[in-house]
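Data block below; observations after.
The values are calculated or read from the model by the stated rules, or taken from the named source; none is laboratory data. Predicted model only: the values in this text are computed from it and were never measured. Backbone-built Cβ (ideal geometry, glycine too); neighbour counts: all protein chains shown.
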Amino acid sequence: MMNKALLLISLFSLSALSLNGQNEDFSLFQCPDSSNNFRALSVLNDSSIWLASDQSQVWYFNLPNHWENRSPKGYEGVLWRDIEAIDDSTAIILSAGSPALILRTENAGQSWQECFRDDSPSIFFDAFDFWDAQRGLAFADAQESHITIIETKDGGKSWQKWDTIPELKVSPKQGGFAASGTCLHCFGQDSWAIVLGGSQARILGKHKGQSLKAFLAMNDGGASKGAFSIDAKNADTLLIGGGDYRADSLSKQSLLWSIDTGKSWEPVPFPKPLSQRYWSCVKWQGSHIVLCSRFGMAYSFDNGKNWLYSSEGFYTCQGPWLSGPKGRIARFNFAYK
């Protein structure tokens, strides 16, 4: 393991952050309704995606530039903060705030079914994620000292609340950030991880059958600070991004990684400027790494050897797609390898 770590650190020490405003690596698209802030993104394939926004809207997009409004009727004012697409016709959406809602459509948004509802005044769900088309988890901030986790085994049609267990205990009223739908990650066969912020950044979950629980040395001590996003490159290597969402200039040590299945966490040996910015979403797929927030994005096509920067801001990313404020989305012009 030590030799592996030294090899990776040697690789990343060659990195250099190249700042340029060019965006020839990706194509930009504009939603017909520019009021939408798309924090929720689910990718079907290289050409089709579902999106949900804080303007109570759900959209379907496919290339070359086709937009279709599939918003649920009767839910005006709801902040949709996560979405999971199963196919062209079937998707599930999650709200932030009270009431907590999960809706599902099987007919491309012609109708939506309410599959979960919690009217508790202080309830606040942050994200959901799925292992496959049937199994998934969603979690909410702690209303006292335990976060709430609900689970589905039938594709989001029904949800069951987990019992309160010691592994879910956190600081009073601590929670995650519904900034990108990526503070919860389900991966492998049964692994899951949640990253939190506030009084003390931390991770909790289960990986390879073992409890995954640790405090994280990143941007502690404030309601706007902490860990915002987690991704797994493989079974051993996990990447966490965060910072202070008020401004890039207030963020420090915003990238951590583990190369021992979450047993220990260290600063990522990427170029220093990357670790001093706020990131709402981190993704590492194949040799491609994408870091993004509303302030801008950084991306590498070669496992972090070289970096490019764009001032185009996005909330979240998945596969080759990104979504952001003012109805903007983008697609990288590459195939993952």
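The listed residues are Ile49, Ile86, Ile93, and the only one of them that is modelled with pLDDT of 95 or more, aliphatic (A, V, I, L, M) and surrounded by fewer than 21 Cβ atoms within 10 Å (Cβ to Cβ) turns out to be Ile86. Of the numbered criteria (1) in a loop (DSSP other than H, G, I, E, B); (2) under 21 Å from Cys281 (Cβ atoms), the one Ile49 fails is (1).
Scanning the stretch 304-327 for residues that are surrounded by 19 or more Cβ atoms within 10 Å (Cβ to Cβ) and outside any strand (DSSP E or B) yields Gly304, Phe314, Tyr315, Gly319, Pro320, Gly324, Gly327. Screening Leu308 on (1) over 26 Å from Ser35 (Cα atoms); (2) in contact with a His (Cβ under 9 Å, 6 or more places away or on another chain) shows it passes everything except condition (2).
Scan Ala223, Ala232, Ala227 and give me the residue that is touching a strand residue (DSSP E or B) at 6+ places or on another chain (Cβ under 9 Å) and either at pLDDT below 90 or under 22 Å from Arg328 (Cβ atoms) (or both).
Just a single option satisfies the conditions, and that option is Ala223.
Of everything in the stretch 122-156 that's touching a residue at least 60 places away in the same chain (Cβ under 8 Å) and in a loop (DSSP other than H, G, I, E, B), which residue is surrounded by the most Cβ atoms within 10 Å (Cβ to Cβ)? In this case the residue turns out to be Gly156.
Being farther than 29 Å from Gln134 by Cβ and surrounded by fewer than 22 Cβ atoms within 10 Å (Cβ to Cβ) holds for only one residue in Ser191, Ser171, and it is Ser171. Can you tell me which residue is nearest to Arg117 (Cα to Cα) among those in the stretch 194-212 that are basic (Lys, Arg) and surrounded by fewer than 18 Cβ atoms within 10 Å (Cβ to Cβ)? Going through the qualifying residues, I end up with Lys206.
Kindly evaluate Val290 against the criterion of being part of a strand (DSSP E or B), within 20 Å of Asp25 (Cβ to Cβ) and in contact with a Lys or Arg (Cβ under 6 Å, 6 or more places away or on another chain).
yes
Return a yes/no flag: does the stretch 131-150 have any residue that is more than 22 Å from Ala201 (Cβ to Cβ) and of a type in the set (Phe, Trp, Tyr). The answer is yes, given that some residue of the stretch 131-150 is more than 22 Å from Ala201 (Cβ to Cβ) and of a type in the set (Phe, Trp, Tyr). Condition first: under 19 Å from the mean Cα position of the chain (by Cα), of a type outside the set (Val, Ile, Thr) and closer than 26 Å to Ala201 by Cα. Can you find one or more residues in the stretch 99-112 that meet it? Looking for residues that are under 19 Å from the mean Cα position of the chain (by Cα), of a type outside the set (Val, Ile, Thr) and closer than 26 Å to Ala201 by Cα, one finds at least one in the stretch 99-112, hence yes.
Restricting to the stretch 290-320, name every residue that is under 14 Å from Lys233 (Cβ atoms) and at pLDDT 95 or above. Within the stretch 290-320, Val290, Leu291 meet the criteria.
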